[in-house]
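Notes follow once the structure below has been shown.
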Amino acid sequence: MASDSVSLRFAPGQPRVRLRELTGTEERAVVGIATDDALRLLDALIITTPGEPAPPRADDLVASDRDRLLVAVYQRAFGDRIENTITCARCANPFDINFSLGGLAGSLENNAAGSTRARSLGGNRFETPEGLRFRLPTGHDERAIAALPAAEAETGLLRCCAVEDSAPIAAADANALQELLAEVAPLVDLELDARCPDCRHVHALQFDIQSYLLGALLGERPRLAQEIHRIAIAYGWAMQEILSLGRHERRHFIELIDNDAAARSRRLFG
């Protein structure tokens, strides 16, 4: 099964991680859109190659590198275009929005590359001109504070971001730290403006790749069940055999089944 190679910005040596294609097994295992769901999905897709250094686990990655991988998973499964229809809050007319996911992610990274407020200390560690030293939080850190109340989670994040050989980050620096994190390692999680073509009303739309990808897979659950059913009837395969197929291979079998059904219909009814 072909794989995608994705570079990481903040892992040691900026290694590349290889991801295999989604199969029905991973699609069926998605149960929500939380960070835990994203981490489990990526751990299932990251390829370990015998004889090569072990790739990082998903929870060892900083959030922006995790988003890079999620973008690659989305593009492989659904293509690069993000397309949706929304209803205008002012005139109630529906209108379409669409944009390039790769273009959006590339724009965010270009902006981050031009950032000069914090200098890199190597890996995921940074220092500001004022002497504030911090590191980027990882999925492991996010899991550690996920169950905390909001106020305690903020304090927990500050503890996670403190560099070992520097003083703890003060609570007063929390807002500045959040801005710095978004500046040096932006997430594909932002507010987009969408203008209604009829009344020109501007809508603020929140888009984040984690929720969008996982939500798309959850939304396809009925289709996946139907595909499993149709392949099982056509070929007599067991469920696990069907779930082990790559997403594109599974869709190819469905196309073949549809073509055979259409050919039989033409022979019977002319």
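Could you check R57 against (1) touching a Lys or Arg at 6+ places or on another chain (Cβ under 7 Å); (2) farther than 23 Å from L101 by Cβ and say which number it fails?
Going through the list (1) touching a Lys or Arg at 6+ places or on another chain (Cβ under 7 Å); (2) farther than 23 Å from L101 by Cβ, R57 breaks only (1).
When residues of the stretch 7-33 are filtered for being open to solvent by 70 Å² or more (accessible area, probe 1.4 Å), under 24 Å from R135 (Cβ atoms) and either assigned to a helix (DSSP H, G or I) or among the hydroxyl-bearing types (S, T, Y) (or both), how many remain?
0
Considering only residues of the stretch 83-106 that are more than 20 Å from A216 (Cβ to Cβ) and open to solvent by less than 20 Å² (accessible area, probe 1.4 Å), which is nearest to the chain's Cα centre (by Cα)?
Per the stated criteria, the residue is F95.
Does L177 fit the bill of being part of a loop (DSSP other than H, G, I, E, B) and either buried (at least 18 other Cβ atoms within 10 Å of the Cβ) or modelled with pLDDT of 85 or more (or both)?
Answer is no for this residue.
Could you say which residue among D80, D43, D36 is in contact with a Ser or Thr (Cβ under 9 Å, 6 or more places away or on another chain) and open to solvent by 20 Å² or more (accessible area, probe 1.4 Å)?
Selected residue: D80, the only one of D80, D43, D36 that is in contact with a Ser or Thr (Cβ under 9 Å, 6 or more places away or on another chain) and open to solvent by 20 Å² or more (accessible area, probe 1.4 Å).
Looking only at the stretch 127-143, count every residue that is modelled with pLDDT under 90 and open to solvent by 30 Å² or more (accessible area, probe 1.4 Å) and tell me the total.
Start the filter on the stretch 127-143 by keeping residues that are modelled with pLDDT under 90, which leaves 127-134.
After this cut, where a residue has to be open to solvent by 30 Å² or more (accessible area, probe 1.4 Å) as well, the list is 127, 129-133.
Result for the stretch 127-143: 6.
Taking the stated definitions as given, is D4 within 23 Å of L136 (Cα to Cα), in contact (Cβ under 8 Å) with a residue 40 or more places away in the chain and open to solvent by 20 Å² or more (accessible area, probe 1.4 Å)?
Values: within 23 Å of L136 (Cα to Cα): no; in contact (Cβ under 8 Å) with a residue 40 or more places away in the chain: yes; open to solvent by 20 Å² or more (accessible area, probe 1.4 Å): yes.
It is false that D4 is within 23 Å of L136 (Cα to Cα), in contact (Cβ under 8 Å) with a residue 40 or more places away in the chain and open to solvent by 20 Å² or more (accessible area, probe 1.4 Å).
Tell me yes or no: at least one residue of the stretch 148-155 is surrounded by fewer than 12 Cβ atoms within 10 Å (Cβ to Cβ), modelled with pLDDT under 80 and outside any helix (DSSP H, G or I).
no
Limited to the stretch 2-57, what total is found for residues that are over 16 Å from the mean Cα position of the chain (by Cα) and within 25 Å of G122 (Cβ to Cβ)?
Taking the stretch 2-57 first, the residues over 16 Å from the mean Cα position of the chain (by Cα) are 2-3, 10-16, 23-25, 28, 47-56.
From what's left, within 25 Å of G122 (Cβ to Cβ): 10-16, 52-56.
Residues meeting the conditions: 12.
Could you give every pair whose Cβ atoms fall below 6 Å, whose first residue belongs to the stretch 230-244 and is within 15 Å of E255 (Cα to Cα), and whose second residue is polar (S, T, N, Q) and outside any helix (DSSP H, G or I), counting only separations of at least 6 or pairs across chains?
Correct list of pairs: empty, since none qualify.
Condition test on A204, is it in contact with a strand residue (DSSP E or B) (Cβ under 7 Å, 6 or more places away or on another chain), in contact (Cβ under 8 Å) with a residue 40 or more places away in the chain, farther than 21 Å from D65 by Cα and not in a helix (DSSP H, G or I)?
The answer is no for A204.
Out of everything in the stretch 223-247 that is basic (K, R) and within 19 Å of R76 (Cα to Cα), what residue ends up being surrounded by the fewest Cβ atoms within 10 Å (Cβ to Cβ)? Don't jump to the end; show me each part of the working.
Filtering the stretch 223-247 down to residues basic (K, R) leaves 223, 230, 247.
So of that shortlist, the ones also within 19 Å of R76 (Cα to Cα) come out as 223, 247.
Details: R223: 12, R247: 20.
Within the stretch 223-247, the match that is surrounded by the fewest Cβ atoms within 10 Å (Cβ to Cβ) is R223.
The values are calculated or read from the model by the stated rules, or taken from the named source; none is laboratory data. It should be emphasised that the depicted structure is a prediction, and the values quoted were computed from it without experimental measurement. Note that we place each Cβ from the backbone using ideal geometry, even for glycine, and neighbour counts take in every protein chain shown. The area values use the complete protein model at the heavy-atom level, side chains included, leaving out ligands, DNA and RNA. Shrake-Rupley method; radii C 1.70, N 1.55, O 1.52, S 1.80 Å.
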